[in-house]
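Enquirer: Encoded as structure tokens, here's the structure I'll be asking about.
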Amino acid sequence: MNKFAMVSMAYLSIVTALPAYGQSIQVTPNASTPTNIGVPENFTGNATFAPLVPANDQTGASTALVTFLPGARTVWHTHPAGQTLIVQTGKGWIQTEGEPRQDINPGDVVWIPAGVKHWHGASATVGMTHISVTYTKDGKNVDWLEPVTDPQYVKG
């Protein structure tokens with residue numbers, strides 16, 4: 001038996017012994033999930049979010065496509081298990097409480113550790129879209145806090 005056949009048989013025996021984690025591949029067509037308007041309790045300005053994948057037992061994370069028009073932002077908030085942002089378009093800002101505001105641009109990936117008080121959104125003059133991957137702990141993924149004031153937002 002040649003080396004390729006032996007490796008292939010070994011691989012096949014390992015793969016067939018692994019448990020199946022999903023029933024099948026799922027494709028969600030573009031624009032097939034509803035876009036929601038960010039509520040004033042959680043956002044300042046015009047922001048929308050389109051859920052992409054809900055949290056489940058295997059991943060423990062939900063994903064959404066979030067769009068902020070210029071000047072729009074979240075309120076201060078924390079995540080009990082952290083969050084990842086993947087900036088898609090525009091220009092955004094993110095700030096951790098007590099630290100300077102940071103620019104975020106297309107292609108940037110932002111990791112926000114569990115419990116870190118922060119806000120994020122568009123810059124004052126350019127909108128921003130990001131994909132959020134929000135991790136869940138004990139069924140919860142975010143703790144919304146107080147609004148970011150206009151002076152906090154502008155000053156950064």
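The values are calculated or read from the model by the stated rules, or taken from the named source; none is laboratory data. As the structure is a prediction and not an experimental result, all values here were calculated from the model. Here Cβ is always computed from backbone atoms with ideal geometry, including for glycine, and neighbour counts include all displayed protein chains. We work out accessible area using only protein heavy atoms, side chains counted, and drop any ligands, DNA or RNA first. Shrake-Rupley method; radii C 1.70, N 1.55, O 1.52, S 1.80 Å.
Enquirer: Exactly one condition in (1) more than 19 Å from T84 (Cβ to Cβ); (2) at pLDDT below 95; (3) part of a strand (DSSP E or B) is false for P51; which is it?
Expert: All conditions pass for P51, except number (1).
Enquirer: Here's another thing I want to ask about it. Restricting to the stretch 64-90, name every residue that is surrounded by fewer than 18 Cβ atoms within 10 Å (Cβ to Cβ) and not hydrophobic (A, V, I, L, M, F, W, C).
Expert: Scanning the stretch 64-90 gives P70, P80, T84, Q88, T89.
Enquirer: Within the stretch 91-109, can you find the residues that are surrounded by fewer than 19 Cβ atoms within 10 Å (Cβ to Cβ), in contact (Cβ under 8 Å) with a residue 40 or more places away in the chain and in contact with a Ser or Thr (Cβ under 9 Å, 6 or more places away or on another chain)?
Expert: Selection gives nothing.
Enquirer: Moving to a separate point now. Looking at (1) open to solvent by less than 70 Å² (accessible area, probe 1.4 Å); (2) free of Cβ contacts under 8 Å to residues at least 24 places away in the same chain, can you tell me which one D57 breaks?
Expert: Evaluating D57 over (1) open to solvent by less than 70 Å² (accessible area, probe 1.4 Å); (2) free of Cβ contacts under 8 Å to residues at least 24 places away in the same chain leaves (1) as the failure.
Enquirer: Just for strands (runs of 3 or more DSSP E) wholly inside the stretch 65-128: which have at least 2 residues that are under 20 Å from A50 (Cβ atoms) and of a type outside the set (G, A, S)?
Expert: So the answer is 83-90, 109-112.
Enquirer: Right, something else. From the set of residues in the stretch 20-43 that are of a type in the set (S, T, Y) and within 26 Å of K137 (Cβ to Cβ), which is most open to solvent (accessible area, probe 1.4 Å)?
Expert: Going through the qualifying residues, I end up with Y21.
Enquirer: Does the stretch 136-151 hold any residues that are surrounded by fewer than 18 Cβ atoms within 10 Å (Cβ to Cβ) and either touching a residue at least 40 places away in the same chain (Cβ under 8 Å) or assigned to a loop (DSSP other than H, G, I, E, B) (or both), and which are they?
Expert: K137, D138, G139, K140, V142, D143, W144, L145, E146, T149
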